[in-house]
Amino acid sequence: MKRLLAFIRKEFYHVFRDRRTLLILFGLPIAQIVLFGFALSNEVKNIGIAMQDNSHDIHTENIIRKIQSSSYFNVEAPILNYNDIENRFKSGTIKCAVIFPANFGSDLQRIGGAKIQVIADASDPNTATIVTNYLNAIVNDYQQQLNPTVKLNYQIIPELRQLYNEEQNGSLNFIPGVIALIFMIVSTALTSVSVVREKELGTMEILLVSPFQPIMVLIAKAIPYLVLSLINFMLIMFLSVYLLNVEIKGSFLLLFAESILFIITCLSLGLLISNVTDSQQTAMLISMMGMMLPTLILTGFMFPLENMPWIFRVVSHIVPSRYYYSIVKAVMLKGLGFQFVWKETLVLAGMAALLLTIALKKFKIRLS
C-alpha cells in the first residue's frame, strides 16, 4: 500500500507540475459550462425582420406594434419596395419579411378576411419554421382580440403543460450533455497520455522493474485523475446550480455515484488508448477528436437520435456518453430514481470492466 501511495503521489506531482494539464482539467470545464449555458441556446431570438406596410391603417399598425414588442424580433428599417426584399435577405440583415397589401384594413372589415405575405429565409429550415410559427401566433392573438365574442359550434382548446422544464430554461437542454462531454474529453484525454509520457521520458523502465503488478500501475495512473475529475464534478454542479439556475431534482448521491462509474469508464478508455499508442500527440488526438465528435453527435443532446439513419443509431450504442447523458437527464432533470436508470448503469459498468480488462491485456511489460 505504501508503494501504491508513492506512485499515486508521483502522478499528482505530474499533474500539478504541468500547467497545460491543469488548464485542460479545470479551465476547459468552466469555459464549456459558461459557453453552453449562456452563449449557446436552441431558442430562436433577436430575429431580424422588416415590414412593408402598403395599407397604413389601424390594423397593420397594431400588428406591427405587437411584433415590435416581442422579444423574438429585431425590427429593421421598413421595406420601401418589393425589389428591396431580396437585397435585404442577401445582405443578411433580415431573416423574415412581412408585406401588408394596400387593401388590408378594408378587406378585413368588408369581407371578414385579409391576407399577409410572410417571406422567410429557409436556408436554415428550422429557424424559418420557428419564425413563421411566431408570426402566426402574433396574428392569431390579434385576431382573437378583434373578435373575442365569436364562438364556433364546437372548440378544441389544447391545454399545454411543459414537464420537467416549466420555465423553459434553455440551459437544461445542454447541461447533461456538457457534463458528459467534459468527462469524456478531460478524463480520457489526460489519462491517455499518462503511460505514453513514461515511454517518451524514458521512465517506463523504472515502472517495469518495480515490484508492482501491471494492474497496480494502471490503478496508480488512474486514481489521481479520478479524484481530480470528481473535484471537477463538484465544480460543474456548483456552476450549474448557482450560475445557471439548474435545479437537481433527483438524488445527488445517485448522480454522484453514476458520475464515478462514468469517470471510471472514461479512465479505462484513456488507459487503453495510452497503452496502444507511442506518442502523446497521437494519444491526445485520438482521445480528443475521437471522443468529442461521437459525444456531440451520437448522445442526443445536440441532435435527436430518432432523426438519424439506423446505422448511426446502432453505432451510438457503443458510445459510453450516450448512457451517462440519459442517466443525468433522468436523475438531475426529471428526479427519477435508480429503478429507471439501472439498465444504463449496467451497460456502463460492463463497458468499464471490458475496457479495463483490455487495457490490462495491452499493457506491455517489456520495451520493444
Share of carbon and sulfur in the accessible heavy-atom surface of the range 2-99 [1.4 Å probe, %]:
56 percent
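With a/c under 1.5 counting as rounded, go ahead and sort the chain into rounded, prolate or oblate using the C-alpha gyration tensor (a ≥ b ≥ c being the square roots of the eigenvalues; past the cut-off, prolate if a/b is larger than b/c, else oblate).
Prolate shape, in that a/c is at least 1.5 and a/b is the bigger ratio.
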Please say if the range 1-106 is rounded, prolate or oblate, where rounded means a/c under 1.5 for a ≥ b ≥ c the square roots of the C-alpha gyration tensor eigenvalues, and otherwise the choice is prolate for a/b larger than b/c and oblate otherwise?
prolate
Along the range 17-27, Karplus-curve 3J(HN,Hα) (6.51, -1.76, 1.60; θ = phi - 60°) to the nearest Hz, with x for Gly and Pro, reads 7, 9, 5, 5, 5, 5, 5, 5, 6, 10, x
If the only charges are +1 at each Lys and Arg Cβ and -1 at each Asp and Glu Cβ, what is the size of the charge dipole of the chain around the Cα centre, to the nearest 20 debye?
1660 debye
Around I47, which amide H atoms from residues at least 5 apart in sequence, or from another chain, sit under 5 Å from its own amide H, with H modelled in the peptide plane?
F73, N74
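In Å², what does the accessible area per residue of the chain work out to with a 1.4 Å probe? All intermediate terms of the calculation are to be shown ahead of the outcome.
On the way: 20610 Å² over 368 residues.
Here the per-residue accessible area is 56 Å².
Can you tell me, using C-alpha contacts under 8 Å and at least 6 residues apart, the relative contact order of the range 262-367 as a whole percent? Working shown, then result.
Numbers: 85 pairs, mean separation 45.1, N = 106.
For the range 262-367, the relative contact order is 43 percent.
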At 1.4 Å probe size, with no ligands or nucleic acids counted, give the accessible surface of K45 in Å², nearest ten.
110 Å²
Relative to the longest principal Cα axis of the chain, at what angle does helix 342-362 sit, 0 to 90 degrees, rounded to 10?
40 degrees
I'd like to know which of N74, I273, I185 lies farthest towards the positive end of the charge dipole of the chain, counting +1 on Cβ of Lys and Arg and -1 on Cβ of Asp and Glu.
I273
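Provide Rg over Rh for the range 51-91; use the alpha carbon set for both Rg and the Kirkwood Rh (inverse mean inverse pair distance). It would help to have the intermediate numbers written out before the result.
Working: Rg = 11.3 Å, Rh = 11.3 Å.
My calculation of the ratio gives 1.00.
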Let me make sure I get this right: for the range 287-368, a, b and c are the square roots of the gyration tensor eigenvalues over alpha carbons, sorted descending. Under 1.5 in a/c it's rounded, otherwise prolate if a/b > b/c, else oblate. Which is it?
oblate
Which one of M1, T60, F12 has its Cα pushed farthest toward the positive end of the charge dipole of the range 1-85, where Lys and Arg give +1 and Asp and Glu give -1 at the Cβ?
M1
Carbon/sulfur fraction of accessible area - the range 236-368, other protein chains in place, 1.4 Å, %
70 percent
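The values are calculated or read from the model by the stated rules, or taken from the named source; none is laboratory data. Everything quoted here is computed from the prediction, not taken from an experiment. Here Cβ is always computed from backbone atoms with ideal geometry, including for glycine, and neighbour counts include all displayed protein chains. Only protein heavy atoms, including side chains, enter the accessible area calculation; ligands, DNA and RNA are left aside. Shrake-Rupley method; radii C 1.70, N 1.55, O 1.52, S 1.80 Å.
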